[in-house]
Structure formats: structure tokens, C-alpha cells
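The values are calculated or read from the model by the stated rules, or taken from the named source; none is laboratory data. On a predicted model such as this, the values are computed, not experimentally measured, just so you know. As a convention, Cβ positions derive from the backbone with ideal geometry for all residues, glycine included, and neighbour counts pool all protein chains shown. We work out accessible area using only protein heavy atoms, side chains counted, and drop any ligands, DNA or RNA first. Shrake-Rupley method; radii C 1.70, N 1.55, O 1.52, S 1.80 Å.
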Amino acid sequence: GRLPAAVAVGGEGLVEGGPPDHSYSLSSGTTSEELLRKLNEQRDIIALLEVKMKEMKGSIRRLRLAEAQLREEIREKDRLLHAASAGTRKRHGL
């Protein structure tokens, strides 16, 4: 991750030598452990979204390739049809 080591390690890393219960921060309503948990949850969500975006980009690339191949096939079939119809016209003309 992109977080400092102290944050990544856990709540105790944030407060040097502080008591595990962090009683000083209870008045504010959120302990550093709760903040850290929220932060980690958000980081997981962001990582998940990044993976999804990469998957979607891959899908779009595959779709574009498939579209190009289909267009090429259609051009080829059109060419063959035109050639065939031109050939039949010539034969009937003879």
C-alpha cells in the first residue's frame, strides 16, 4: 500500500507506547482502531474497483478486436458476393 508503515502495522503503531484501549480518544467517538479499520475497508474497495476497471478495459479491448474481425469478415463476404454475382452475369450474357 501507499500508507506509512506505522498506519499499516496497526493501531498500536499510531500511538507510541499508548495504552491499547486508547481511552483518551473515546470522547471523540472514534478510536484510531476504528479509523484504521475504515481506512483499510476503503482501501480494499478501491483495490477491488481498480481490478474491475482493468477487467472492463480488457473486455472493451476484446470487443473492439472482435468487432474489427467481424467487419473484416463482412467485407470479405461482400467481396465474394460481388465477385460471384459479376461472374453469373457474365455467364448469362454469353
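Checked against (1) at pLDDT 60 or above; (2) open to solvent by 100 Å² or more (accessible area, probe 1.4 Å), G58 passes all but condition (2). For T31, the conditions (1) modelled with pLDDT under 95; (2) open to solvent by 90 Å² or more (accessible area, probe 1.4 Å) all hold with the exception of (2). Within the stretch 11-27, does at least one residue satisfy the condition of being surrounded by 10 or more Cβ atoms within 10 Å (Cβ to Cβ), of a type in the set (S, T, N, Q) and modelled with pLDDT under 95? Yes, that holds for at least one residue.
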